[in-house]
Every structure is written in structure tokens, then in C-alpha cells.
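Data first, discussion second: the structure below is written as C-alpha cells.
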Amino acid sequence: MNAAIELGNLVKEYETPAGVIKALDHLDLTVPEGGIFGLLGPNGAGKSTTIEIAVGLRKPTSGTVNIFDKNPQTDSQWIHQRVSIQPQESTIFPQERVGEILSFWASLYENPRDVDQVAKWMGLDELLFRKVAKLSGGQQQRLNVGLSVIGRTKLAILDEPSTGLDVMARDDLWKVLRFLAKEGTTIVLSTHDLDEARVLCHEVAVIDHGRSVAQGSPEELIKKHARGTLISCRVSPDGISDLLSELRPFGEPEVADKTTISIRVNRTDPVIAVLSSNPAVSQLHMNEPSLYDAFVRLTGHDFE
Ligand SMILES: Nc1ncnc2c1ncn2[C@@H]1O[C@H](COP(=O)(O)OP(=O)(O)OP(=O)(O)O)[C@@H](O)[C@H]1O
């Protein structure tokens, strides 16, 4: 499979008055061509620095960068026509109208998409004559995403695209991203939202402290790194000791607050059978293995 982005042993150090900050610490990353790829990591993990170096906006301190086998530092014109990046702030043009900005952005590309089509995708078709300064936060965000896809580039890089969107707008955005991926655009999105990554991304890389600590499909990472399903229930105090004995063959049940028992298991059916036939048990809950749990197990800390 061809790679859209290949980063090898990347180091990035920022010199600051307070000292050197190592934002990337020998980071390796390969983004395959096609599909939706997620960069997952908490604040300060190094996602934006990675993206900025990949597209040539920043130079690495050391390491190699290839984007469609080109070097962003020397092939910038070639890359500009094939790679788009979501602007963080469309409010740099506060007095321009939505339609004007979309048209201007489209004019920077050789084979752009139709402005009306993109406006419709992003729910901006009724707002083409509105000044950017008058847009709500969510509308500005939709404009930012619209700008990143209007160039019909081979690769579109989006930074937290669903931030500030309501659930309906987010669902519409996901439809557009899936459509673009199906059409052949490679999409990279940086996100804090692990549920979004799970439903949308074909593959993800977990970035932590400037390194890529794991890469694979969300389901692969969950299978490999997350613990099993957490089953918990309420138990009347006189039933606790018998229930603990019944559960021990399946794992290590734990008691909390003297009335709650929880157990983590890979196979849920036998445990559910035990719990549902026990009259002392009520309020059964199941927490499926999650990308969040995989993240915590991979990094040893919370996703904060
Ligand atoms: N221009 C800069 N000058 C100095 N330090 C920087 C600069 N840009 C980023 N950093 C630092 O580098 C580290 C990585 O930051 P980066 O913005 O790449 O992370 P991120 O994963 O994108 O975070 P977020 O999700 O908050 O955007 C952080 O410690 C950050 O404070």
C-alpha cells in the first residue's frame, strides 16, 4: 500500500525563554493512502506539530518527512495542489462574505470543487452572503472544514473538525468525510474525541508525549490493548459472599460500597447467566471495552 505521509524518527524542539520544549520525540508515523486516519492524543501530545511538519509549515529539528514521496520543504508547489489543511481561523477575513472566501480559496487550486456544492455539504448554502464576523462559532468551524475540502486535494488534513458542532452538524460532517474518503481523498483528522475516532476512522495512531505509541484500526487497538467488558451490578448485602464465590471462576470480582460488585471479563455470556439467575442481584450494567481504555493502558495515564 502506498503511503500518503511517512514520518521517520522526527524530533522537534521549540526554543522558548523558559528552555527547550521537546514536542516530538523520535516520532514514526505512516499514514496509508485512502481512508480516514485519526491522530489521537491529549492536549500537548504533539499532533499539531506533527501535522505542521508533515505539510511543510514547520521544519523538524531532525528526522525525515515524505508526503506522497515528496519532500514538503523542496516540493511545496506540488504539495500545495494536492494537500489541504484546515485553517484554524477563518475570522482572519472577518469582513468578507462566506461565498467570497470559498470562491477565493477555490481559486488557489487547479481543479477545485464547486462552491455551491461545498456550501451545501457544510450547511452554509443559506449563508453565502453573510460576513464571516457574523457567523456563530459552529458556522465558522463548518466554513473552516469547507475550505479544507474545496481544493479537491488528494489529502485533506483536519484539526478537530467537529469541535463546536451540534450533533446534527457533526453527523452531516461525518457523512461528507465518508463520502470524500469513498471518492478517494485521504483524510487525516486530529481529534480528542475517541468515540468519533472509533466510528469514523479506518486507522488511528495514538500520540503521547511526542511519540506514536500505537497504530492500527480502532477495533484492533481495543482488542489488543483494552481490558475486557466491565460488568457491574447491585447486590443485597446478604447475597454478596455467595455471589463472589460464583463469580471467581470467571475473573476477579471486586466489591465497592458494600453493595456493588464488578468484574471484568472477555466472555460476558456465562457471567450474565450467573447474575441474571441470582435473586440478590439488581441493576446490571455493562461497559464494553473502549478506545479510551486502550489509550489508558497504552500510555499509563488518563486522556486529559
Ligand atoms: N510554537 C511553539 N513554541 C513553543 N512550544 C510549542 C509551540 N507549539 C507547540 N508547543 C509545545 O509543544 C508541545 C506539543 O504541542 P502541539 O500543539 O503539537 O500538541 P497537540 O497535540 O496538537 O495539542 P492540542 O491538542 O492542545 O492542540 C506542547 O508542549 C506545546 O506547548
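Some points to look at:
- Subset of region 81-131 [in a helix (DSSP H, G or I) and at pLDDT below 90]: S90, T91, I92
- A single member of H202, H209 is within 14 Å of the ligand (Cβ to nearest atom), open to solvent by 20 Å² or more (accessible area, probe 1.4 Å) and in contact (Cβ under 8 Å) with a residue 40 or more places away in the chain, and it is H209.
- Any hit, region 40-58, residues being more than 10 Å from the ligand (Cβ to nearest atom), within 16 Å of R82 (Cα to Cα), touching a Ser or Thr at 6+ places or on another chain (Cβ under 6 Å) and modelled with pLDDT under 95: yes
- Some residue of region 87-104 being closer than 30 Å to L128 by Cα, near the ligand (Cβ under 10 Å from one of its atoms) and open to solvent by 50 Å² or more (accessible area, probe 1.4 Å): yes
- Check on T74, open to solvent by 50 Å² or more (accessible area, probe 1.4 Å) and either touching a residue at least 12 places away in the same chain (Cβ under 8 Å) or within 22 Å of the chain's Cα centre (by Cα) (or both): no
- In the set (1) more than 16 Å from the ligand (Cβ to nearest atom); (2) touching a residue at least 12 places away in the same chain (Cβ under 8 Å); (3) over 30 Å from I222 (Cβ atoms); (4) open to solvent by 40 Å² or more (accessible area, probe 1.4 Å), the condition left unmet by E13 is number (1).
- For E246, the conditions (1) farther than 30 Å from P42 by Cβ; (2) not in a helix (DSSP H, G or I) all hold with the exception of (2).
- Set T186, T191: member being modelled with pLDDT of 95 or more, polar (S, T, N, Q), closer than 30 Å to D293 by Cα and assigned by TED's automatic domain parsing to the domain that holds F68: T186
- The lone criterion from (1) surrounded by fewer than 22 Cβ atoms within 10 Å (Cβ to Cβ); (2) at pLDDT 90 or above left unmet by I157 is number (1).
- Selection status of L143, more than 16 Å from the ligand (Cβ to nearest atom), on the phi < 0 side of the Ramachandran plot and without any contact (Cβ under 8 Å) to a residue 60 or more places away in the chain: yes
- Scanning region 181-209 for residues that are assigned to a helix (DSSP H, G or I), in contact with a strand residue (DSSP E or B) (Cβ under 6 Å, 6 or more places away or on another chain) and over 22 Å from L10 (Cβ atoms) gives A181, L200.
- Which numbered condition E33 misses (of (1) under 20 Å from V65 (Cβ atoms); (2) buried (at least 17 other Cβ atoms within 10 Å of the Cβ)): (2)
- Whichever residue in region 261-286 is hydrophobic (A, V, I, L, M, F, W, C) and not in a helix (DSSP H, G or I) and, among such residues, is surrounded by the most Cβ atoms within 10 Å (Cβ to Cβ): I263
- For region 16-39, the set of residues classified as assigned to a strand (DSSP E or B), out of contact with any Lys or Arg (no Cβ under 8 Å at 6 or more places or on another chain) and within 11 Å of the ligand (Cβ to nearest atom) consists of T16, G19, V20, I21, listed by residue number.
The values are calculated or read from the model by the stated rules, or taken from the named source; none is laboratory data. What you see is a predicted model, and the numbers here were worked out from it, not measured in a lab. Methodologically, a virtual Cβ is constructed for each residue, glycine included, from the backbone with ideal geometry; neighbour enumeration extends over all protein chains shown. The accessibility values were calculated without ligands, DNA or RNA, using every heavy atom of the protein model including side chains. Shrake-Rupley method; radii C 1.70, N 1.55, O 1.52, S 1.80 Å.
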